[in-house]
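Trainee: One structure follows; several queries about it will come next.
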Amino acid sequence: MRTSSVVKLALFFLCSLLPHQALLAQSKIDEVLALLNEVRTQPQLFLDNRLTPYLEQNGLQENTYAKSLVEDLKTRKPADSLKLSPALNAVAKLHAVDMGMKNKVGHNSSDGTTFDKRLRLRAKAKGAVAENCDYGNAKPLDIVMSLLIDDGIENLGHRKNILEPRLRFVGIAIEPHKKYGTNCVMDFAEGF
């Protein structure tokens, strides 16, 4: 086989994988959204069917932050589902790519732009806005549980963002990260 034929074959193979990778990424985003909406709209059912088994499987029953989440969901009133926003998706993707490629973590872009400024200027978000970032979890359930349990975060900000009824729109991106393998960004807004 000539070199040009090998190169063409390799390019064809790589290009045929791209749609599959995009579908896989979208599938994970859809699953994250479904889990977010499940805990918002049916907190007690989420507690019974998702959280309790997860805590048992991961040995987290005695974790202080996990225990506080259990208590929170026992009395939590249902909230409306989050609606996926293309504008917030785009902003979340830019931040996840930025953090992953530049090997950074946090809510400020590598150029120092705050999440509040990104969401208001780029996505035209109005009212309350928030951002969650998760590093190192590749599975949607692990991403959502990590942010809900919020281990080590005294103010439980990620959990509060997910459960806050005023936040009605979300954008979600899951991208590679040089150090952590994967990073997920969720950008929330009250309106536009």
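The values are calculated or read from the model by the stated rules, or taken from the named source; none is laboratory data. Being a predicted model, the structure only gives us computed values, none of them experimental. Heads up, the Cβs are rebuilt from the backbone with ideal geometry, glycines too, and the neighbour counts pull from every protein chain shown. With ligands, DNA and RNA removed, areas are computed over all heavy atoms of the protein, side chains included. Shrake-Rupley method; radii C 1.70, N 1.55, O 1.52, S 1.80 Å.
Trainee: Rounded, prolate or oblate for region 38-124? Axes are the square roots of the Cα gyration tensor eigenvalues, ordered a ≥ b ≥ c, and the cut-off for rounded is a/c under 1.5. Write down the numbers at each step before the final one.
Mentor: Working: a/c = 2.89, a/b = 1.77, b/c = 1.63.
Prolate.
Trainee: Sum -39500 (n - 2.57) across every DSSP H segment of at least 4 residues in the chain, then divide by the residue count to get the 222 nm mean residue ellipticity, nearest 500. Before the final figure, lay out each step's value.
Mentor: Working: 8 runs with 103 residues, N = 192.
Helix-only estimate at 222 nm: -17000 deg cm²/dmol.
Trainee: Rounded to the nearest 0.05, what FRET efficiency do Gln57 and Leu84 give with R0 = 35 Å and r taken as the Cβ-Cβ distance? Could you check?
Mentor: On the way: r = 29 Å, r/R0 = 0.81.
E between Gln57 and Leu84, to the nearest 0.05, is 0.75.
Trainee: Say a paramagnetic label sat at a point 7 Å from the Cα of Glu154, along Cα to Cβ; which residues of region 58-78 have their backbone N under 17 Å from it?
Mentor: Label zone hits: 64-65.
Trainee: Still on this structure, I have one more. Take Val70 and Leu141, extend 7 Å from each Cα along the Cα→Cβ direction, and tell me the distance between the two endpoints in nm.
Mentor: Between Val70 and Leu141, the simple spin-label model gives 1.8 nm.
Trainee: Is the shape of region 120-192 rounded, prolate or oblate, going by the alpha carbon gyration tensor and its root eigenvalues a ≥ b ≥ c, with a/c under 1.5 for rounded and a/b larger than b/c for prolate? Could the numbers behind the result be given before it?
Mentor: Values: a/c = 2.30, a/b = 1.39, b/c = 1.65.
Here region 120-192 falls in the oblate category.
Trainee: If each of Asp30 and Lys104 carries a label point 7 Å out from its Cα toward its Cβ, how far apart are those two points in nm?
Mentor: Here the answer is 3.3 nm between the modelled labels.
Trainee: A follow-up question, please. Label the chain by shape, choosing from rounded, prolate and oblate, from the square roots a ≥ b ≥ c of the eigenvalues of the Cα gyration tensor; if a/c is under 1.5 it is rounded, and otherwise prolate applies when a/b is larger than b/c, oblate when it is not. Don't jump to the answer; show the numbers that get you there.
Mentor: On the way: a/c = 2.02, a/b = 1.52, b/c = 1.33.
Cα axes put the chain in the prolate bin.
Trainee: Right, here's the next one. Might you work out the accessible area of Tyr180 for me, using a 1.4 Å probe with all protein chains in place, and round it to the nearest 10 Å²?
Mentor: 90
Trainee: Follow-up. If you average the sequence gap of Cα pairs under 8 Å that are 6 or more apart and divide by the length of the chain, what percent do you get for the contact order?
Mentor: Details: 295 pairs, mean separation 51.6, N = 192.
Over the chain, the number comes to 27 percent.
Trainee: From the protein chains alone at 1.4 Å, what is the descending order of accessible area for Glu190, Glu31, largest first? Don't skip to the end; give the middle numbers.
Mentor: Details: Glu190 60, Glu31 85 Å².
Result, largest first: Glu31, Glu190.
Trainee: Please compute the contact order of region 104-185 in relative form: average sequence separation of alpha-carbon pairs under 8 Å and at least six residues apart, divided by the residue count, as a percent. Spell out each step's value before the answer.
Mentor: Details: 82 pairs, mean separation 23.8, N = 82.
This gives 29 percent for region 104-185.
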